[in-house]
């Protein structure tokens, strides 16, 4: 193709974010999510991994580095008919929990990975049972949201602040 010409990469049901280095993007079809190489248009299925011998239900996902690892919000079955929110680090073959709320009483609303891939900022409601809505008609939020900063390499919480809507 000529320089500056448009090169189709495929058709997908969903287009998500890109890897920090810009080499791949997350796309989805009816079966699930994939990484798509910008250079080759090759897709690689993102596997659904187990955490602690429990099947996960995937949610929001952000690629790290060149897109061979990622941070993902997942849900696993809890007690009764409840689900537990977890934030996990995955590399395609294994998953490790980066964050879960105390006694699994809370929820993970949103997260953002830092531009250098070292930290993840997690907006969390510490205890859903005592959560009070801010009353906004559009996109209501809990009044008890806390943002927790976690070191991705170690899984250690390095800071916690009241509030939400982190933008690095």
| message | Exactly one condition in (1) touching a strand residue (DSSP E or B) at 6+ places or on another chain (Cβ under 6 Å); (2) under 26 Å from residue 47 (Cβ atoms); (3) free of Cβ contacts under 8 Å to residues at least 24 places away in the same chain is false for residue 155; which is it? | response | (3)
| task | Name the residue, out of 76, 84, 88, 51, that is touching a helix residue (DSSP H, G or I) at 6+ places or on another chain (Cβ under 7 Å), without any contact (Cβ under 8 Å) to a residue 60 or more places away in the chain and either under 25 Å from residue 25 (Cβ atoms) or crowded, with 18+ Cβ neighbours inside 10 Å (or both). | result | 84
| Condition broken by residue 93, with the remaining ones in (1) closer than 24 Å to residue 47 by Cα; (2) surrounded by 11 or more Cβ atoms within 10 Å (Cβ to Cβ) satisfied | (2)
| query | How many residues does the stretch 54-63 contain that are more than 11 Å from the chain's Cα centre (by Cα) and crowded, with 19+ Cβ neighbours inside 10 Å? | reply | 1
| query | Regarding residue 8, is this residue touching a residue at least 60 places away in the same chain (Cβ under 8 Å) and farther than 30 Å from residue 128 by Cβ? | reply | no
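Quick note: the coordinates plus some simple rules give every number you see, no bench work behind them. Every value quoted in this text rests on a predicted model; they were computed, and no experiment measured them. For neighbour counting, all protein chains shown are included, and Cβ atoms are generated from backbone atoms with ideal geometry for every residue, glycine included.
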